[in-house]
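Every read-out reported here was derived from the displayed coordinates using simple, explicitly stated rules and does not represent laboratory data. What you are looking at is a predicted structure, and each value in this text was computed from that prediction instead of being measured. Backbone-built Cβ (ideal geometry, glycine too); neighbour counts: all protein chains shown.
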Amino acid sequence: MTDMRRFLVAGNWKMNGYEARNRELCDGILAGLAAAEDVDVLVCPPYPFLASVNGLVRDSRVRLGAQNVSEHESGAYTGEVSAAMLKDVGCTYVIVGHSERRTLFGETDDQVAAKFRAALDADLTPILCVGETLEEREAMETEAVISRQIAAVVAATGIDAFASAVIAYEPVWAIGTGLVATPEQAQDVHNHIRGLLAAENADVAAGVQILYGGSMKGDNASGLLGMPDIDGGLIGGASLKSADFLAIVEAAAGL
Ligand code: 13P
């Protein structure tokens with residue numbers, strides 16, 4: 001991170017949680033936050049819990065985000081949730097293009113770009129996830145894959161949209177596997193992403209927060225967050241226990 005960007009530590013709860021457990025988790029996070037005032041903190045629960053979690057965190061500085069959004073505005077799209085609805089229940093952020101959505105639910109680069117646009121149109125901050133598979137890394141395609149994923153969104157929205165967005169680099173091989181990218185591996189990709197944006201607009205590139213995601217934990221967070229282009233974390237497993245999540249928030253606060 002540099003002085004011009006704040007750290008953002010975001011919990012992606014994925015398909016986990018229920019009311020009582022969410023309350024315990026949020027209470028724990030809120031109780032431990034005082035020591036980390038300079039770090040932005042975000043929780044992204046499943047859709048059914050957004051309103052109740054909003055009730056738990058809205059008087060604090062913990063922000064609320066969703067894990068997915070429809071690219072459509074409203075109407076006959078059974079099972080879908082619009083960006084305006086997310087805004088209405090208290091969200092300020094939404095994750096788009098998580099690799100689990102891309103691989104398990106077939107989301108394309110163009111669809112992810114449309115979701116990114118829909119989020120911005122509703123005044124939500126999109127967190128655009130990008131990342132390569134192990135196969136792609138081994139084939140030396142990491143930079144090409146990331147470039148393609150970013151270019152699809154830049155083409156659809158223009159570079160200025162990234163002034164109101166967050167990017168998360170999540171190598172697919174590091175998600176939920178316990179395999180974590182080394183700080184140098186992650187920094188190389190973060191630097192590549194910032195370079196792609198800088199080619200279009202240097203100011204936007206310098207301001208955008210780029211998070212790392214993939215088996216980030218309290219004991220590896222400092223090394224990753226200490227790299228110049230890593231501005232926070234998108235946390236899966238370690239966001240489900242307040243002590244584990246706070247350990248990452250505290251690592252960010254200590255840098
Ligand atoms: P893990 O932290 O469980 O590896 O998940 C990362 C992730 O996918 C966050 O979006």
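Cross-link candidates for Lys217: which lysines have Cα within less than 26 Å, leaving aside residues fewer than 8 places away along the same chain?
Result set, ordered by chain and number: Lys14, Lys241.
Among Thr157, Thr103, Thr92, which one shows the biggest mean-square fluctuation in a GNM of the chain, springs joining Cα atoms closer than 10 Å?
Most flexible of the set in this elastic network: Thr103.
I want the local charge near Lys87. Using Cβ-Cβ distances under 11 Å, sum +1 for each Lys or Arg and -1 for each Asp or Glu among the other residues.
Result for the local shell: -3.
Under a point-charge model restricted to the Cβ atoms of Lys and Arg (+1) and Asp and Glu (-1), what is the dipole moment magnitude of the stretch 160-255 relative to its Cα centre, in debye to the nearest 20?
Using only the charged Cβ atoms, the result is roughly 260 debye.
Could you give the size of the charge dipole of the stretch 17-66 about its Cα centre, using +1 on the Cβ of each K and R and -1 on the Cβ of each D and E, expressed in debye and rounded to the nearest 20?
160 debye
Between Gly79, Gly236, Gly195, find the one with the highest GNM mean-square fluctuation for the chain; connect C-alpha pairs within less than 10 Å.
Gly79
Net charge near Ser60: determine it from the other residues with C-beta under 13 Å of the C-beta of Ser60, scoring Lys and Arg +1 and Asp and Glu -1.
-1
Which residue fluctuates the most in the chain, going by a Gaussian network model with Cα springs under 10 Å, if the choices are Ala221, Ala161, Ala34?
With Cα springs under 10 Å in the chain, the top fluctuation among Ala221, Ala161, Ala34 is at Ala34.
At what distance in nm do the modelled label points of Thr92 and Lys241 sit from each other, each positioned 7 Å from its Cα along Cα→Cβ?
2.9 nm
Once the dipole of the chain is set up with Lys and Arg at +1 and Asp and Glu at -1 on Cβ about the Cα centre, which of Ala152, Ala36, Leu255 lies farthest towards its positive end?
Towards the positive end, the residue furthest out is Ala36.
Please identify the chymotrypsin sites (Phe, Trp or Tyr not before Pro) of the stretch 44-101 that satisfy two criteria: DSSP loop assignment and at most 14 other Cβ atoms within 10 Å. Which are they?
Hits after loop and neighbour filter: Tyr77.
Just the projected area, averaged over all directions, of the convex hull on the alpha carbon atoms of the chain: how many nm²?
Average of the hull's projected areas for the chain equals 12.4 nm².
Only four residue types carry charge here, +1 at the Cβ of Lys and Arg and -1 at the Cβ of Asp and Glu. Report the dipole size of the chain about the Cα centre in Debye, rounded to the nearest 20.
Result for the chain is approximately 600 debye, rounded to the nearest 20.
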